[in-house]
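Peer 1: Just dropping this structure here.
What follows draws every value from the coordinates through simple rules; no lab data is involved. Quick caveat, the model's predicted, so the values are computed rather than measured. Note that we place each Cβ from the backbone using ideal geometry, even for glycine, and neighbour counts take in every protein chain shown.
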Amino acid sequence: MPLETPLHAAHLAAGGKMVEFAGWELPIHYGSQMEEHSAVRSSAGMFDVSHMGTVDFRGPQAREFLQRVLANDIDRAAEQGQAIYSCMLNDQGGVIDDLITFRVDNDFYRGVLNAARREVDLEWLRRHAEGFDVEITEREDLAIIAVQGPEAGAKLGSVLGGDGAAVVEALKPFRAASHGDFYIARTGYTGEDGFEVMLPGDHAVELWDQLVAAGVRPCGLGARDSLRLEAGLNLYGQDMDESTTPLISNLGWTVAFTPEDRDFIGRKALEQQKAQGVAQQLVGLVFGRGGIPRAGAVVNTSEGPGVITSGVFGPTVKGPVALARVPAGNFEEVEVELRGRSLAARVVSLPFVRHGKVRV
């Protein structure tokens, strides 16, 4: 039986079409994926992301532990409430998972893991915690509601009111702050401004209903995928996995090679790959008419074959878009094999959409 979030009954009551995802039963849409996508781009929508794994790291050596297991430098989260985005790597530099990690307080950090990697990540983290004075706690008591869109801050602030509204208004991107039992972060997975609220599971329905009353539209997994793809954001298991490194997954910017004496897991492999030159790259593709490319479709380039990692009809772009792992090189057009046909595609810089504006 799939797991259920604290908002499961609310999804059913709202007419959510439920599907199994990463072992959880979640809504793929509430009637119209296109309208949900558009609501986030133009106003505000919200997602139940309680299936994500929230993990607390506490102890005198929490910082030293995270310096070892994250490819990014946790010291970049220098202030209380500051966050970094990073990958956790295996010894070969392959991506075990990507996550956001917050510095909550001195000797206290919080990470948010991908649902599909939850058990793998926890086993890996606990194994590598041996020898460090750090306590790793999975926060199964917490739910997460992501409120996204240009009006997300105003609508979330109107619901929280008073001091809560002031917290929301004061937050900068990739910052978080507490408001009572709520931990509010200005982060998201849509390419729009937005907030993610971590809160006790037994308070989730109340906040969800208040946000609905404030005009925030419930959105499902379908809109979440089309929004993140238009924003050029990777999805674990499709655009990256343990066989790919950040350097070939358009995530080189998340790797901190300084300070030079920080020996994070996978560093030697990445330094070798960087010195030899990267053989592959992750690029954006824009199509005309003729079909929507799906993961696994062959991409033919002047430098050799590649593969589609994610593809979708982009409602904001108003056409099919995809991410593709292709040979390193400079080329502007490719051909994609789709059900016995060859579709022309244009290679573009990511993202396709930023803050509601089409860039391709």
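Peer 1: Mind running the shape call on segment 246-358? Use the C-alpha gyration tensor, a ≥ b ≥ c as the square roots of the eigenvalues: rounded below 1.5 for a/c, prolate if a/b tops b/c, oblate otherwise.
Peer 2: prolate
Peer 1: If the only charges are +1 at each Lys and Arg Cβ and -1 at each Asp and Glu Cβ, what is the size of the charge dipole of segment 1-234 around the Cα centre, to the nearest 20 debye?
Peer 2: Approximately 500 debye in magnitude.
Peer 1: Rg and Dmax of segment 110-199 over Cα atoms: what are they, in angstrom?
Peer 2: Looking at segment 110-199, its Cα Rg and Dmax stand at 15.4, 46 Å.
Peer 1: Taking the Cα centre of segment 1-234 as the origin and placing charges on Cβ (Lys, Arg +1; Asp, Glu -1), which of 5, 61, 152 is farthest toward the positive end of the dipole?
Peer 2: 152
Peer 1: Report the one residue of 215, 265, 128 whose Cα lies farthest in the direction of the positive end of the charge dipole of the chain (charges on C-beta: Lys and Arg +1, Asp and Glu -1; origin at the Cα centre).
Peer 2: Final value for the positive-end residue is 215.
Peer 1: If you don't mind, there's one more thing I want to ask. Treating cross-link reach as a plain straight distance, find the lysines whose alpha-carbon is under 25 Å from the alpha-carbon of residue 17, omitting any fewer than eight places away in the same chain.
Peer 2: 318
Peer 1: Based on other C-beta atoms within 10 Å, arrange 182, 102 from fewest to most.
Peer 2: Least crowded to most crowded, the residues run 182, 102.
Peer 1: Order these by the 10 Å Cβ neighbour count, fewest first: 73, 98.
Peer 2: 73, 98
Peer 1: Same structure, new question: Among 184, 283, 203, pick out the residue whose Cα is farthest towards the positive end of the charge dipole of the chain, where Lys and Arg carry +1 and Asp and Glu carry -1 on C-beta, about the Cα centre.
Peer 2: Farthest along the dipole direction, towards plus: 283.
Peer 1: So which residue, out of 293, 305, 315, gets the largest mean-square fluctuation from a GNM of the chain using Cα contacts under 10 Å as springs?
Peer 2: 305
Peer 1: Please work out the FRET efficiency for the pair residue 346 and residue 253, using the Cβ-Cβ distance as r and a Förster radius of 35 Å; give the result to the nearest 0.05.
Peer 2: 0.90
Peer 1: Next question. What nm value, rounded to one decimal, do you get for the distance between residue 141 and residue 4 when each label is placed 7 Å out toward the C-beta?
Peer 2: Using points 7 Å along Cα→Cβ, the separation is 2.2 nm.
Peer 1: Then there's this: Given 0.36 nm per residue, what is the gain on full extension from residue 209 to residue 119 after removing their alpha carbon distance, in nm?
Peer 2: Between residue 209 and residue 119, full extension yields 29.3 nm more.
Peer 1: At 222 nm, what value in deg cm²/dmol follows for the chain if DSSP H runs of at least 4 each add -39500 (n - 2.57) and the sum is divided by all its residues, to the nearest 500?
Peer 2: That calculation yields -6500 deg cm²/dmol at 222 nm.
Peer 1: Where nothing but the Cβ of Lys and Arg (+1) and of Asp and Glu (-1) is charged, how large is the charge dipole of segment 246-358 around its Cα centre, in debye to the nearest 20?
Peer 2: 520
Peer 1: Would you please classify the overall shape of segment 202-304 from the alpha carbon gyration tensor, given that a ≥ b ≥ c denote the square roots of the eigenvalues, rounded means a/c under 1.5, and beyond that prolate means a/b larger than b/c while oblate covers the rest?
Peer 2: It is oblate, given that a/c is not under 1.5 and a/b is not larger than b/c.
Peer 1: Right, next: Which residue, 214, 275, 71, tops the fluctuation ranking in a GNM of the chain built on C-alpha contacts under 10 Å?
Peer 2: Result for the chain, Cα springs under 10 Å: 275 fluctuates most.
Peer 1: If only Cα atoms are counted, what is the Rg of segment 51-113, and what is its Dmax, in Å?
Peer 2: Cα only, segment 51-113: 11.1, 32 Å (Rg, Dmax).
Peer 1: Report the paramagnetic label zone for residue 12: residues of segment 23-64 whose backbone N is under 17 Å from a point 7 Å from Cα along the Cα-to-Cβ axis.
Peer 2: Once the point is set 7 Å along Cα→Cβ of residue 12, 24-30 turn out to lie under 17 Å by backbone N, inside segment 23-64.
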